[in-house]
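Heads up: the structure comes next, in structure tokens.
Just so it is clear, none of the values below were taken in a lab; they were calculated from the coordinates. Because the structure is a prediction, the values reported are computed rather than measured.
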Amino acid sequence: MERYHREEHYVARVGWLRAAVLGANDGIVSTASLIVGVAAASGRAEVLIAGAAGLAAGALSMAAGEYVSVSSQADTERADITREAAEIAADPQEELRALSGIYERRGLSPELAAEVAAALHEKDALGAHVRDELGISEHTEAKPLVAAGASALTFAVGAALPLVTAAMVPEASISLWVTVLSLIFLAVLGAVGARAGGASVWRGVLRVTFWGAVAMAVTAVVGKLFGAVV
């Protein structure tokens, strides 16, 4: 009996994982940094207003940025596919030789490469060239709405964490609590992102917590300097 074989690969998650991790990371870092900077020079009311404004503006900015960026990638992919289709229609034999050459460079014998290329050309010439010549597959295909939605949603969730912290902790220690808890949130995010992508968990944790700490430290210094001037 023939069985359908399906494997789950990490690359299948690329379309949404990058946008989700980037959105959550930016949400935590930018909002926590904003809160820490404002808290260094003012009180809880100003902190919450600044944090809420940062959450709304950041989520919309991330969504728009991801949509425009990934849409540009999708436009480029479509243009390449259209051009490849025209080339196949204009000179199918030359395109067949090009596909055979790709398989030869991957290790197949010339005879086997030619046989495989001919079989794929007969079944779906454009699909074979899109996959093996252009490197575009269903796993890596640009999806603007998915990227925009994932980025906006995770930014809002990430930004809400330091904002809720600032609302609940004693006003005198907002900066300390937001910094400590945000670094913990970042560490969890780094671990989850690395795990979902099949990468080193410790490397992911170290990467996001280090740069998050740098960002919050810089904004705290800036907040103190401007607070002292005011």
The distance between the Cα centres of segment 105-178 and segment 59-79, in whole Å, is 12 Å
Computed on Cα atoms, Rg of segment 114-198 relative to 2.2 N^0.38 Å comes out at 1.92
